[in-house]
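Novice: My questions will all concern the structure given below.
The values are calculated or read from the model by the stated rules, or taken from the named source; none is laboratory data. Just so it is clear, the model here is predicted, and its values are computed rather than measured. In this analysis, Cβ positions are derived from the backbone assuming ideal geometry, glycine residues included, and neighbour counts consider all displayed protein chains.
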Amino acid sequence: MMNNLFSIFDPSTNLFNLSINWISTFIGLMFIPFSFWLIPNRHFFFWKFIIMSLHNEFKILLNMKNNKGSTFIFISLFSFILFNNFLGLFPYIFTSTSHLTISLTLSLSLWISFMLFGWMNNTQHMFIHMIPQGTPNILMPFMVLIETISNLIRPGTLAIRLTANMIAGHLLLTLLSNTGNIMSNYMLIFLIIIQIVLLMLESAVAIIQSYVISILSTLYSSETN
């Protein structure tokens, strides 16, 4: 039972003997460019509104006077995670963001680039950031140690947060759906209603998690400037 339960998170599973689970991650790249050549519709205007809202918010966090164009990185990160989170809600499609291979790769690459940029260009600022203002002299070594550890675990916390939230909802949906065979007709209707509510909750989680990851990455980037 456990093997069947966690098989939805196994990237080695296949459909019709075709291992196309990881290919689903790049499906969005096939459709996004075409939206810029078609006649704009309501969906395009709605997506443009979301992107512009994120751009204005990231611009405030990043101080765009010194970081022109940096918001495109985090808007792209938001779009990529959001697309893959929603894609995993469809049947027989592997949720790539529920696997640490994807989430840890994204967070670790961003964190390493932030650290390299910060220590190479703003070394003094990075040292100052290790000790909060007003810290007593006797506590300075401990604060440096605590800040160093909290800085090192940032990519792991970003990856685990995204992976755990994606796995939790999918596991709950799978567990409830497996009980449908032994339920009566009345209970089955109640189960379907619960599944629909959980699916709506998972859709909200997909949006929230992509927003949280992009916002935290933006904040980590702003600390290196």
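Novice: Criterion first (surrounded by 12 or more Cβ atoms within 10 Å (Cβ to Cβ) and either within 30 Å of ILE27 (Cβ to Cβ) or out of contact with any helix residue (DSSP H, G or I) (no Cβ under 9 Å at 6 or more places or on another chain) (or both)) does PHE90 satisfy it?
Specialist: no
Novice: Among PHE86, PHE74, PHE49, which is in a helix (DSSP H, G or I), closer than 30 Å to THR148 by Cβ and modelled with pLDDT of 85 or more?
Specialist: From the options PHE86, PHE74, PHE49, the qualifying one is PHE74.
Novice: Does SER107 count as part of a helix (DSSP H, G or I), under 25 Å from ILE75 (Cα atoms) and touching a Gly at 6+ places or on another chain (Cβ under 8 Å)?
Specialist: Against the criterion (part of a helix (DSSP H, G or I), under 25 Å from ILE75 (Cα atoms) and touching a Gly at 6+ places or on another chain (Cβ under 8 Å)), SER107 qualifies.
Novice: Being farther than 30 Å from THR71 by Cβ, of a type in the set (Gly, Ala, Ser) and in a helix (DSSP H, G or I), is that true of even one residue in region 180-198?
Specialist: The answer is yes; a qualifying residue exists.
Novice: Related question: Just to be sure before I move on: is ILE208 at pLDDT below 85 and out of contact with any Lys or Arg (no Cβ under 7 Å at 6 or more places or on another chain) in the structure I sent?
Specialist: Spelling it out, it is not the case that ILE208 is at pLDDT below 85 and out of contact with any Lys or Arg (no Cβ under 7 Å at 6 or more places or on another chain).
Novice: May I ask you to list pairs of residues, at least six apart or on different chains, whose Cβ atoms are under 6 Å apart, with the first in region 189-205 being of a type in the set (Val, Ile, Thr) and the second being modelled with pLDDT under 85 and surrounded by 15 or more Cβ atoms within 10 Å (Cβ to Cβ)?
Specialist: VAL205/GLY169
Novice: Just one of the numbered conditions (1) in a loop (DSSP other than H, G, I, E, B); (2) of a type in the set (A, V, I, L, M); (3) closer than 23 Å to LYS59 by Cβ is not true of ILE93; which one?
Specialist: Result: ILE93 fails condition (3) only.
Novice: Of everything in region 121-170 that's of a type in the set (S, T, N, Q) and in a loop (DSSP other than H, G, I, E, B), which residue is farthest from GLU223 (Cα to Cα)?
Specialist: THR135
Novice: Give me the residue from region 93-111 that is among the β-branched types (Val, Ile, Thr) and out of contact with any helix residue (DSSP H, G or I) (no Cβ under 8 Å at 6 or more places or on another chain) and, out of that set, surrounded by the fewest Cβ atoms within 10 Å (Cβ to Cβ).
Specialist: Filtering first and then ranking leaves THR101.
Novice: How many residues does region 204-224 hold that are more than 15 Å from PHE58 (Cβ to Cβ) and touching a Leu at 6+ places or on another chain (Cβ under 7 Å)?
Specialist: The number of residues fulfilling the criteria is 3.
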